[in-house]
Amino acid sequence: MKKDTLKVTIRGPLRDLWRFITHISERRRVFRRSSAERPGEKHSIRLRQSLHPEVQFLLIDKIQAENDSSNSYTLIPDTSQPGSVSIAAFRAGQYLSVEVQLESGLKINRPYSISNSPEEARRDNAYVITVKADKDSFIPEVMVKSWEVGTSLKVSDPWGQFYHNPLRDAEHLVFIAGGSGITPFRSMVGDILSKHKNISIVLIQGAAVSEELLFSDFFLTLEKSNPERFKWIPVLSETSDTEGRIKHTVLSGFIDGGILAEATDSRKSSFFICGPQAMHLHIDKELVKAELNPMRIRREDYGIPGKPAGREPVQITVKMAGSTHIISADRDETVLVALERGGLNPPSRCRTGSCGWCRGSLLEGKIRYDKEPEGLRSADRKAGYFHPCAAKPESNLVVDIPGNPGFNTDK
């Protein structure tokens with residue numbers, strides 16, 4: 001039987017050095033013979049713009065009611081705009097920052113997680129975002145009421161660090177969602193199960209009543225088709241009814257350490273948590289009891305603020321884009337919200353302190369953070385920088401905010 005052989009030539013250090021020297025000379029001859037024109041520049045620019053566009057012009061193609069207060073919007077490229085042919089690629093779990101114009105004419109932006117998977121998005125050339133009409137929000141139902149099929153939107157490229165990394169995360173994942181914080185998991189669960197056959201997922205979804213459990217049919221179907229790798233645990237805080245709208249075992253109460261212990265071995269899992277700040281504070285206490293490694297925990301806050309509580313207001317002097325503005329602010333609202341209420345258009349994206357897009361300088365006064373922003377570096381803090389989207393005023397302030405470089409400008 002003839003065996004395959006591999007011939008290896010050993011030249012020695014002097015010959016290798018000589019070949020290296022002549023290789024450099026040959027490269028120089030090739031460079032001299034080549035054209036001075038840069039043939040790949042246009043291609044590289046097109047590639048960069050397709051992957052990381054400064055702005056995406058999209059149209060609402062379809063609206064689907066998820067429940068009485070939430071709609072899912074399918075967004076496709078607005079081909080009437082130059083270069084608007086395909087959507088930018090994204091990782092499951094990332095979000096889009098959507099420009100919204102209020103009745104007053106003020107333009108601000110809000111982040112919304114992409115709820116379809118990257119594979120679905122590539123297939124349909126469309127994003128899906130899910131929006132809840134919140135009467136207590138700074139934007140009271142404006143989007144759910146005013147958006148219709150054919151509405152044109154200005155949207156950022158996909159942003160965010162809330163995604164699965166197989167090199168970093170454990171093979172067993174625990175997803176914890178509260179309210180509309182379920183939307184990134186709608187994208188992540190199917191994407192991860194299809195790409196990583198060695199990974200299992202437990203999804204714990206909290207809501208007040210069963211009608212607020214978004215995407216329940218999707219998760220039920222996924223659980224039936226992946227019984228060994230995916231488990232869905234709905235938890236309702238306002239009912240103990242286990243035979244409600246969905247045909248599934250439902251736990252009552254709040255997500256606590258008992259539910260976490262029953263769902264998984266926490267020491268061998270990576271946790272992804274998304275929901276309102278109150279839920280994060282509650283879950284954090286439960287995770288501390290489990291003595292988890294913080295490196296195993298990833299968070300995504302939903303930072304859309306409610307109406308301020310009305311404590312004694314303060315005055316903020318804002319230096320922005322060469323002008324100075326003086327606005328009144330409540331002590332229980334973020335500096336970013338105060339600026340937006342004052343008619344300014346400061347830069348913002350995540351609205352939770354994690355991305356650093358809104359970073360400004362605190363020149364005078366005191367601020368506080370309900371939760372230290374993950375994206376604020378210690379060097380920035382020492383230099384007097386702060387994140388307006390997460391900071392609340394404790395006194396009168398003087399701040400320097402950069403002009404808005406983002407997609408929600410009129411330039």
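The values are calculated or read from the model by the stated rules, or taken from the named source; none is laboratory data. Predicted, not measured: the structure shown is a model, and the values here were computed from it. All Cβ positions, glycine included, derive from the backbone under ideal geometry; neighbour counts span all protein chains shown.
Here are the numbers for the structure shown:
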| quantity | calculated |
| --- | --- |
| Single condition W18 does not satisfy, out of (1) modelled with pLDDT of 70 or more; (2) loosely packed, with under 10 Cβ neighbours inside 10 Å | (2) |
| Selected residue (criterion: nearest to F215 (Cα to Cα)) from residues of region 73-94 that are outside any loop (DSSP other than H, G, I, E, B) and either out of contact with any Ser or Thr (no Cβ under 8 Å at 6 or more places or on another chain) or at pLDDT below 95 (or both) | T74 |
| Candidate set from region 332-389 (those that are among the β-branched types (V, I, T) and touching an Asp or Glu at 6+ places or on another chain (Cβ under 7 Å)); member that is modelled with the lowest pLDDT | T352 |
| So P234, is it free of Cβ contacts under 8 Å to residues at least 60 places away in the same chain, surrounded by fewer than 17 Cβ atoms within 10 Å (Cβ to Cβ) and outside any helix (DSSP H, G or I) | no |
| Sole exception among (1) part of a strand (DSSP E or B); (2) among the aliphatic types (A, V, I, L, M); (3) within 22 Å of the chain's Cα centre (by Cα) for L376, by number | (1) |
| Matching residues, region 162-189, being touching a residue at least 60 places away in the same chain (Cβ under 8 Å), part of a loop (DSSP other than H, G, I, E, B) and under 23 Å from E120 (Cβ atoms) | F162, Y163, H164, D169 |
| Cβ pairs under 7 Å, 6+ apart, first in region 379-390 and farther than 23 Å from D332 by Cβ, second of a type in the set (G, A, S) | G384/S361 |
| Residues located in region 83-105, provided they are surrounded by fewer than 22 Cβ atoms within 10 Å (Cβ to Cβ) and in contact with an Asp or Glu (Cβ under 7 Å, 6 or more places away or on another chain) | S84, A88 |
| Answer from N116, N109 - the residue that is under 19 Å from the mean Cα position of the chain (by Cα), modelled with pLDDT under 90 and under 16 Å from D157 (Cα atoms) | N109 |
| Selected residue (criterion: nearest to S187 (Cα to Cα)) from residues of region 259-275 that are among the hydroxyl-bearing types (S, T, Y) and modelled with pLDDT under 90 | S269 |
| Enumeration of residues in region 144-203 that are surrounded by fewer than 20 Cβ atoms within 10 Å (Cβ to Cβ) and basic (K, R) | K145, R168, K195, K197 |
